[in-house]
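Colleague: My questions all concern the structure below.
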Amino acid sequence: MKITLLAINAKYVHSSLAVWYLANGLAKYSGQCHDVNIVEATINQDTNDIAGLVTCGKPDLVGISTYIWNAGKLPGLISGLRRHLPDVLIVLGGPEASHNAKYWLAGGADYVIRGEGEHVFPAFLDLLDESNPVHQSNERFQADASEPCRSLGKTWTLNDISGLCFYKDGERISPQVKLPYEYISPYSREYFQALGGRITYIEASRGCPFSCAFCLSGGSGVRFFPLETVKEQINKLLGSCTKTIKFVDRTFNCNPERAYKIFEYVINLNTECCFHFEAAADLFNEETLSLLSTSPPGRIQLEIGLQSFHKPSLDAVSRKTNLEKAEENIRKLLSHQNIHIHIDLIAGLPYETLPVFQDSFNRAFALEAHTLQLGFLKLIHGSKLREQANTLGITYSKEPPYEIISSPWLGEKDLEILKFAENALQHTYNKGWFLSVLRYVLSVSGLTPFVFFYRLGKAALSQATPLEKYARQVYDYCSGLQNIDKNKLSDCMICDFLRMTKGKNMPGFLKSRGEKRKQAVRMANKQLGRVIDYDEAAVLSSGKGAYADSLSRDPVTGLYKLYW
């Protein structure tokens, strides 16, 4: 068969593992030789253009990997595929289809594969009879369920394949795959040819030992892939010109001894590549913390999901975290200034009112992590919290990504306040922008971090706003707060621009011209031993020169080194 496997990624810099797992599963386990084509698109592309990329090869079957970020494009895409190729078989997999199979089968898919597909997909394709004519009515072509094939040493029929959902003689919605798992690598020569320097992903394990009610990963235990295989794959990925390798393990350090070995391995590599891990801060032991303190700056990023500091909320969603231990360990990790730390909060959890969430936010902000992500609760298909939503009184959007609209603890106006705070946080602190301004203003204005970001979000409209204009809005808002020295504020913003952008795009109201700036440039040239760009220097309110070293960028924060 001619098969096209489609991934629709959130951004161009992302890549997909799922479609390559399936392609390699077919190559290893299918009893037939299939012509497989991989297409990776993004949600920013026009649906018709994506359909064109898929249909140009006139495939017999299209397999699509589904997630909450691309589900909104799929109805239109499936319709487009049907218009161009009326007889094509459409098979969906991935978490969005796995937990909403009835909807997608009714919406145009011929089959849905629930759960892991590396073994199911080859067994399924071996049952399809290409010589059987395709029905031209609304009834989709179905392979004869009694026609057997052999895959993984077993004789299969469609009705035997766990995880395969379809309509034939009535509805068949299968439970998720329950197969003995044999690891298949997603990496092939074609994978590396297609990667093109984008972010690449790697799995060292599947599953999660926890069972958070808002997540799909827990409850099935954890399967660890062979450690030596993981190391071999890291080495392969290092040769791909990627700058970032992300481990997709849901709780990477749930096995501290194994995590230590992988951390140790990547720390000792001779590479400029950055490795990203999702970790639970309270599970780090002293031995691992000591090891991480030796990591080359910028080698490791840690994404840590705190979600909330309100214990009743965490208990309500079965989230198990030793919050005091987590805080202590995050501070230890940050103290060495060699690892980028990203922490997450979720707004909308049960029992967390707006005042309670503000306390969580302020406590999290006080940790001074490099990124504080304020996310909003999503009631995704298959999650326990979605099943409990009506009982709890939580309303949410029926369209992906199923974000909370209101709850007994957060009304719509409360969520609007949170959105303002999130917008300002995302366009300042989380981008590494105006950090000196934020530090100064919060130290003298008397505002809590949450109130500051909420009011900034209302005052400064960041959506599609040029940086120079947004900077003016930030300045105007901050200059109107209590106890603000405008000269000090201007100096902070000048220094921030030099660190952020080497002074380029600095708004006119901050720029200094004339002899003093020329002197600052000459001073920089002399001290650095080279000629710098004119925009890399500025003059502070005291008349003192300041300049950025464009050849010295912090590998952890991404900011340029500043002299003044």
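The values are calculated or read from the model by the stated rules, or taken from the named source; none is laboratory data. These figures come from a predicted structure and were not determined experimentally. As a convention, Cβ positions derive from the backbone with ideal geometry for all residues, glycine included, and neighbour counts pool all protein chains shown.
Colleague: State which residue is nearest to the chain's Cα centre (by Cα) when the search covers only region 408-447 and only residues that are under 30 Å from Q388 (Cβ atoms) and of a type in the set (G, A, S). Reasoning before the result, please.
Modeller: Taking region 408-447 first, the residues under 30 Å from Q388 (Cβ atoms) are 408-423, 425-426.
If we keep only those that are of a type in the set (G, A, S) too, we end up with 411, 421.
Working: G411: 27, A421: 20 Å.
Top of the filtered list is A421.
Colleague: Surrounded by fewer than 16 Cβ atoms within 10 Å (Cβ to Cβ) and modelled with pLDDT of 95 or more, is that true of D476?
Modeller: Yes: the conditions hold for D476.
Colleague: If you scan region 327-359, which residues turn out to be within 22 Å of the chain's Cα centre (by Cα) and either in a helix (DSSP H, G or I) or free of Cβ contacts under 8 Å to residues at least 24 places away in the same chain (or both)?
Modeller: I330, L333, L334 - these are the residues of region 327-359 that are within 22 Å of the chain's Cα centre (by Cα) and either in a helix (DSSP H, G or I) or free of Cβ contacts under 8 Å to residues at least 24 places away in the same chain (or both).
Colleague: With (1) surrounded by 17 or more Cβ atoms within 10 Å (Cβ to Cβ); (2) in a loop (DSSP other than H, G, I, E, B); (3) of a type outside the set (K, R) as the list, and C492 as the residue in question, which single condition is left unmet?
Modeller: That leaves (2) as the condition not met.
Colleague: Whether any residue in region 287-307 is over 24 Å from K261 (Cβ atoms), modelled with pLDDT of 95 or more and not assigned by TED's automatic domain parsing to the domain that holds V556 is what I want to check.
Modeller: Among the residues of region 287-307, at least one is over 24 Å from K261 (Cβ atoms), modelled with pLDDT of 95 or more and not assigned by TED's automatic domain parsing to the domain that holds V556, which makes the answer yes.
Colleague: Another question about this same structure. Considering S541, S552, which residue is assigned to a loop (DSSP other than H, G, I, E, B), among the small types (G, A, S) and surrounded by fewer than 16 Cβ atoms within 10 Å (Cβ to Cβ)? Let's see the steps before the verdict.
Modeller: On the way: S552 fails: assigned to a loop (DSSP other than H, G, I, E, B).
Result of the check over S541, S552: S541.
Colleague: Still on this structure, I have one more. Please go through region 289-326 and give me each residue that is without any contact (Cβ under 8 Å) to a residue 12 or more places away in the chain and farther than 24 Å from P355 by Cα, ordered by number.
Modeller: Here is the first cut: in region 289-326, the ones without any contact (Cβ under 8 Å) to a residue 12 or more places away in the chain are 290, 315, 324.
Residue satisfying the conditions is S290 alone.
Colleague: Please list, ordered by residue number, the strands (runs of 3 or more DSSP E) wholly in region 184-246 having 2 or more residues that are touching a residue at least 40 places away in the same chain (Cβ under 8 Å), under 16 Å from E278 (Cα atoms) and not hydroxyl-bearing (S, T, Y).
Modeller: 205-208
Colleague: To continue, here is another question. Any residue at all in region 390-400 that is surrounded by fewer than 20 Cβ atoms within 10 Å (Cβ to Cβ) and small (G, A, S)?
Modeller: Yes.
Colleague: Quick test of your reading of the structure: W20 fulfils all but one of (1) surrounded by fewer than 20 Cβ atoms within 10 Å (Cβ to Cβ); (2) out of contact with any strand residue (DSSP E or B) (no Cβ under 6 Å at 6 or more places or on another chain); (3) within 22 Å of F192 (Cβ to Cβ). Name the failing condition by number.
Modeller: Among (1) surrounded by fewer than 20 Cβ atoms within 10 Å (Cβ to Cβ); (2) out of contact with any strand residue (DSSP E or B) (no Cβ under 6 Å at 6 or more places or on another chain); (3) within 22 Å of F192 (Cβ to Cβ), the lone unmet condition for W20 is (1).
Colleague: Now a separate question. Look at G503 and say whether it is crowded, with 20+ Cβ neighbours inside 10 Å, assigned to a loop (DSSP other than H, G, I, E, B) and in contact (Cβ under 8 Å) with a residue 40 or more places away in the chain.
Modeller: It is true that G503 is crowded, with 20+ Cβ neighbours inside 10 Å, assigned to a loop (DSSP other than H, G, I, E, B) and in contact (Cβ under 8 Å) with a residue 40 or more places away in the chain.
Colleague: Every residue in region 422-468 that is surrounded by 15 or more Cβ atoms within 10 Å (Cβ to Cβ) and not in a helix (DSSP H, G or I), please.
Modeller: Result: T428, G432, W433, F434, S445, L447, T448, A460, S462.
Colleague: Still on this structure: Go through (1) of a type outside the set (K, R); (2) surrounded by 16 or more Cβ atoms within 10 Å (Cβ to Cβ); (3) under 17 Å from W104 (Cα atoms) one by one and return the number of the condition S15 breaks.
Modeller: (3)
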